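Below is one structure, written out as structure tokens; the observations come after it.
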Amino acid sequence: MLPGIMDAIAQRLAFHAALLMFVGLLTGGALGFAMMDQLPADAGMLLGAHLNGLIGGLWLCAVAWSLRFVRLPEARVGQMAWLFIGATWANWLVTLVKSVPAVHGVGLNDDPINNAVFGVLTLTVVLPSLAACGLWAWGLRPRND
């Protein structure tokens, strides 16, 4: 069992994992409607949102499970957790929303909507994910005790 604050952080991560997987599954339902042209959204991008929800939930589970091995100050672990939570939710939400205008947002071009999506993805998914993973890896590094 993890002591005090680490328990709370692990529980927060697990809660967000379960909730994100739930909305990911609901997004799979919307995907079916899009595939039948009954929802004005790009089915391929909705598939991406569906998978982002499921994989993001699993990622949060992995982080929650591994907290027992992370050697970082509690405050830093809390920051890392919120970076992971924010990035996984943003990845699902931005992918869901961008399925309506059907823009990829993976690079800059002459489409202002695409460029806005690219900026939002960079600021809310890419950079926080890199920071969180860097902290996670640093906290899990092997040490000679």
Please specify each residue of the range 58-78 satisfying the condition of being surrounded by fewer than 16 Cβ atoms within 10 Å (Cβ to Cβ) and part of a helix (DSSP H, G or I).
58, 62, 65, 66, 68, 69, 74, 75, 76
Those residues of the range 66-119 that are hydroxyl-bearing (Ser, Thr, Tyr) and within 14 Å of residue 56 (Cβ to Cβ) come to a total of 2
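One line per residue, one yes/no per condition, for (1) part of a helix (DSSP H, G or I); (2) touching a Cys at 6+ places or on another chain (Cβ under 8 Å); (3) among the small types (Gly, Ala, Ser); (4) under 22 Å from residue 103 (Cα atoms):
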position	(1), (2), (3), (4)
14	yes, yes, yes, no
25	yes, no, no, no
31	yes, no, no, yes
44	yes, no, yes, yes
53	yes, no, yes, yes
56	yes, no, yes, yes
Do you know which residues across the range 76-99 are in contact (Cβ under 8 Å) with a residue 12 or more places away in the chain and over 18 Å from residue 45 (Cβ atoms)?
76, 77, 78, 79, 80, 81, 83, 84, 85, 86, 87
Which one of these does residue 117 not meet: (1) surrounded by fewer than 20 Cβ atoms within 10 Å (Cβ to Cβ); (2) of a type in the set (Val, Ile, Thr); (3) without any contact (Cβ under 8 Å) to a residue 24 or more places away in the chain?
(1)
Condition check: touching a helix residue (DSSP H, G or I) at 6+ places or on another chain (Cβ under 6 Å), in a helix (DSSP H, G or I), buried (at least 16 other Cβ atoms within 10 Å of the Cβ) and modelled with pLDDT of 95 or more. Does residue 139 satisfy that?
no
Residue within the range 100-107 that is touching a residue at least 12 places away in the same chain (Cβ under 8 Å) and buried (at least 21 other Cβ atoms within 10 Å of the Cβ) present
yes
Find all pairs meeting these conditions: Cβ atoms under 6 angstrom apart; at least six residues apart or on different chains; first residue within the range 121-138 and without any contact (Cβ under 8 Å) to a residue 40 or more places away in the chain; second residue of a type in the set (Ser, Thr, Tyr) and surrounded by fewer than 13 Cβ atoms within 10 Å (Cβ to Cβ).
none
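The values are calculated or read from the model by the stated rules, or taken from the named source; none is laboratory data. Owing to the predicted nature of the structure, the values given are computational and were not obtained by experimental measurement. As a convention, Cβ positions derive from the backbone with ideal geometry for all residues, glycine included, and neighbour counts pool all protein chains shown.
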